[in-house]
Amino acid sequence: MTPDPGRVVEIWTAPEKGAPVVAHDDIDAVAGHGLEGDRKAGLNDKPGRQVTLVAKEAIEALFGQGIELPPGGTRRNLVTEGVDLNALVGARFSVGDVELVGARLCHPCTYLEGLQGLPGLKAGLAGRGGLNADILRGGTIHVGDAVVVSASVVNAGVVEAGVVNAGVREAGKDGGPTTPGARERT
């Protein structure tokens with residue numbers, strides 16, 4: 001059985017560095033530019049500056065360590081649920097009708113820890129700070145949109161076709177498992 005796709009559960013932007021984040025139900029994503037109204041829009045000097053993502057599961061794990069972030073506290077643009085973001089480095093994927101490519105991991109920084117005033121935040125997000133991505137095809141991203149991996153990624157061997165769901169790898173293009181222990185489609 002194919003798992004439910006991961007999805008976007010929150011959308012955040014900040015108009016400038018250090019400014020409070022603003023929640024959105026939907027946001028326009030402009031190819032090669034970024035999210036409308038976000039501080040990183042148009043900063044194309046390095047790959048992965050257009051959109052940042054973080055897993056809700058990583059934020060929830062912080063609570064278990066006694067670190068309570070306010071809503072939007074990671075300052076990442078998209079909060080996802082049920083998505084193995086680390087597996088999307090180098091992968092093309094869609095969020096609703098917007099196509100993205102994972103550029104690199106978004107490592108937590110001392111700046112974020114200082115801004116939030118939460119000692120241990122950087123260490124708590126180590127290895128799960130999220131993903132930096134660029135927009136290949138623009139459109140509108142909505143809370144609730146599915147996160148779906150492009151079939152072209154299968155051929156690259158990065159992840160399997162279909163959804164990326166909490167690290168579960170789906171069956172390959174021909175319907176058979178592509179990794180040991182992969183679940184087959186039914």
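Here, each number is a calculation from the coordinates, and none is a lab measurement. In this text the structure is predicted, and so the values were computed from the model without any measurement. Neighbour counts are summed over all protein chains in view; Cβ atoms, including those assigned to glycine, are modelled from backbone coordinates with ideal geometry.
A few points about this structure:
- Translational diffusion coefficient (Stokes-Einstein; Kirkwood radius from C-alpha pairs) of the stretch 11-75 at 20 °C, 1.002 mPa s, in µm²/s: 166
- Peptides 91-98, 8-15 ordered by average Cβ neighbours within 10 Å, highest first: 91-98, 8-15
- Spin-label pair residue 104/residue 16, simplified geometry with 7 Å Cα→Cβ offset, distance in nm: 2.6
- Sorted by Cβ density within 10 Å, fewest first, the residues 88, 136, 78: 136, 88, 78
- As a proxy for reagent exposure, 105, 100 were ordered by neighbouring Cβ count within 10 angstrom, fewest first; the result is 105, 100.
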